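Written out below as structure tokens is the structure these notes cover.
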Amino acid sequence: MNTRPVLTIAGIGAILLAVTGCASRDDAAIPAARCTAPPFPHPYTAVDACAADEVLTTAVARIFSRPFEQRDPTTSFESAAPLLTDDYRERVGNSAIVLGGRIVGALSLQEPTAVRVTATARVTEDDHPPDTDTSVSRVIALDQHLGDGPTHHSSVYARVVRAGPKHPWLLDQLEVH
């Protein structure tokens, strides 16, 4: 028996295996750059600056909450400033009273003696634009609890953006529906 053809076939098989193995590695997805954004300042140090959904829900809940002693909705908006882009803060400007007060005001009419509004926000499964490395949009379910009174349910469309993996996600767009 001649071993030369067997060795040739084995050699060809090894070459094919090596080539297809390399091709498989070339086709493998390249992992996204690891996020190294610095942490948020107090009182948001527990919020992961690299977690878009966490930044979205924290910012939305803060904007639509109002502690007992606070009567001006713009204060809630400004207290969320570390979670907002500067551009968004400038775009909203003095109209923050309308944004934060839109739902709070409606609740206050229903229950005028209660002042504290506690908001909770969660990401829904609703359709949203595809995520990119620098932009994430979500539909947020917003529940506002007016003191011991009624809860108001609404939807908020929100977007966070970042300049890259060394930067935190920041709220850049918010629409109440």
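Select from segment 165-175 the residues that are at pLDDT 95 or above and either part of a loop (DSSP other than H, G, I, E, B) or acidic (D, E) (or both) and write down the one among them that is surrounded by the fewest Cβ atoms within 10 Å (Cβ to Cβ).
Among those residues, the one meeting the criterion is K166.
Quick one: is V136 buried (at least 18 other Cβ atoms within 10 Å of the Cβ), at pLDDT 95 or above and in contact with a helix residue (DSSP H, G or I) (Cβ under 8 Å, 6 or more places away or on another chain)?
Yes: the conditions hold for V136.
Could you list all residues from segment 117-146 that are hydroxyl-bearing (S, T, Y) and over 15 Å from R162 (Cβ atoms)?
T118, T120, T124 - these are the residues of segment 117-146 that are hydroxyl-bearing (S, T, Y) and over 15 Å from R162 (Cβ atoms).
Output yes when any residue across segment 66-76 is modelled with pLDDT under 80, touching a Phe, Trp or Tyr at 6+ places or on another chain (Cβ under 9 Å) and either crowded, with 22+ Cβ neighbours inside 10 Å or on the phi > 0 side of the Ramachandran plot (or both), and no when none is.
Scanning segment 66-76, I find at least one residue that is modelled with pLDDT under 80, touching a Phe, Trp or Tyr at 6+ places or on another chain (Cβ under 9 Å) and either crowded, with 22+ Cβ neighbours inside 10 Å or on the phi > 0 side of the Ramachandran plot (or both), so the answer is yes.
Which one of the conditions (1) at pLDDT 70 or above; (2) in a helix (DSSP H, G or I); (3) touching a Pro at 6+ places or on another chain (Cβ under 9 Å) does L99 fail to meet, given that it meets all the rest?
(1)
The values are calculated or read from the model by the stated rules, or taken from the named source; none is laboratory data. All values reported here derive from a predicted model rather than from experimental measurement. Note that each Cβ is placed from the backbone with ideal geometry, even for glycine, and that neighbours are counted across all protein chains shown.
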